[in-house]
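Computed from the coordinates by the stated procedures, all read-outs in this text should not be read as laboratory data. These numbers were taken from a predicted model, which means no experiment stands behind them. Note that each Cβ is placed from the backbone with ideal geometry, even for glycine, and that neighbours are counted across all protein chains shown.
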Amino acid sequence: MASIAQLYVSNHRIDCPNRGNIDLDICLFCENLIDVSLDNVQPFIRCTPPVQANAERAQGRNRERKRTARRNKLKSGESSNTPGSDFKKNIHTINKVISTSLRHPEWGISRVTETVQQQGTVVSRRKVGEIFKDQNMVYKEDRLRRLLVLAANDELELDAHQTELLNRHDLCFRDKHFVGDFPGHRLIQTSVAVPAKSIKAPLYADIVIDTYSGYTFGHIDMSPSRSSHVLLLQQSVFPFVSKLTAYPGQVFTPSSSIFSHRQFTEYLSNLRIEQAFFTETPGLVHQFWRAFLQPWVKAVPAYELIRGTNLQSHFQRDLDDFNHTYPLPGFPNAKRSPQTRIDGYLRTHT
């Protein structure tokens, strides 16, 4: 039921809840009019204005007042929220959180939030957590991987603290000073024994790794062979490197003289290949062991290991696939396959 309103007359006008300040004559013809008393000292009328209409009109007046206030504020230049300012503030906050986190990848949400706030940027722990999630930086390992990719692509100059963290995180980054300037520039050669549980004996692998790309050459056998290293260099490494670098060098004929370290070094020099010497196992060797060699030996059927037939061809086939498709996560490939990194070099240098 609508409530009864008593409205006083002033200068022959009335403040109607529905129509605003109107002439008294209009009220006299309104269907909501109940009583008129114009002979009193203070004339008035009684009516029953609809509640819903009254509420809607009041809300409309409030909305109009707010719109008018906003327009006046913009005209007077008092507003700091110029078009796009919220977007710019959000981008600034995101960049601030990311840069702070990459400077200290070991910091969590609370420490990053506190530091960013101290630097004058208003941000909450919840907002920092959302940024971490959106940027795939929730865990320390995620942040270190992102930092590693930026370093590998020369998009970020590392300070001493970041360098120390990456050295501990990635053994390949620790050996970054040994990375060649181009494919085939600097090689790592090593021989390893890989345990094979199915035959209760190790397999022996000679490995040569290109430090620029991680491209790996290998020869595997049931027993250590002095000649396998020479054959690997002759049949795989030198032809590949010669083709890449356009330095054909000498025609290589394996002989006992190649086992002379001096002559071997001279031959590498003719091909403009350098040997990388390490006091401990290089990170690239660790990476190849974990990513390919150890899983491969575990997956080879026992009967194939026992007979030893086609072992090298099987190994070579899978190794070729590894070189062309496996995204090496560490430095310097940063999730690119060895062949992809070589192709990238050739596109920009040929």
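Would you mind listing how long region 85-169 runs along its three principal axes, going by Cα atoms, in whole Å with the largest first?
Computed over the Cα atoms, the extents are 37, 23, 22 Å.
On a C-alpha basis, how far is the centre of region 286-300 from the centre of region 112-156 in Å? Whole number, if you could?
Here the answer is 33 Å between Cα centres.
Show me the ranking of peptides 172-185, 5-18 by mean Cβ neighbours inside 10 Å, starting with the highest.
Ranked by mean Cβ neighbours within 10 Å, highest first: 172-185, 5-18.
With a ≥ b ≥ c the root eigenvalues of the C-alpha gyration tensor of region 125-220, is it rounded (a/c under 1.5), prolate (a/b larger than b/c) or oblate?
Values: a/c = 3.16, a/b = 1.72, b/c = 1.84.
In terms of gyration-tensor shape, oblate.
Ordered by residue, what ³J(HN,Hα) values in Hz, to whole numbers, does region 129-146 give under the Karplus form 6.51 cos²θ - 1.76 cosθ + 1.60, where θ = phi - 60° and Gly and Pro are x?
For region 129-146, the Karplus-derived couplings read x, 5, 5, 4, 5, 5, 8, 6, 10, 5, 9, 4, 4, 4, 5, 5, 5, 5 Hz, x marking Gly and Pro.
What list of ³J(HN,Hα) values in whole Hz, one per residue of region 32-37 in order, does the Karplus curve 6.51 cos²θ - 1.76 cosθ + 1.60 (θ = phi - 60°) give from phi, with Gly and Pro shown as x?
8, 5, 10, 8, 10, 9
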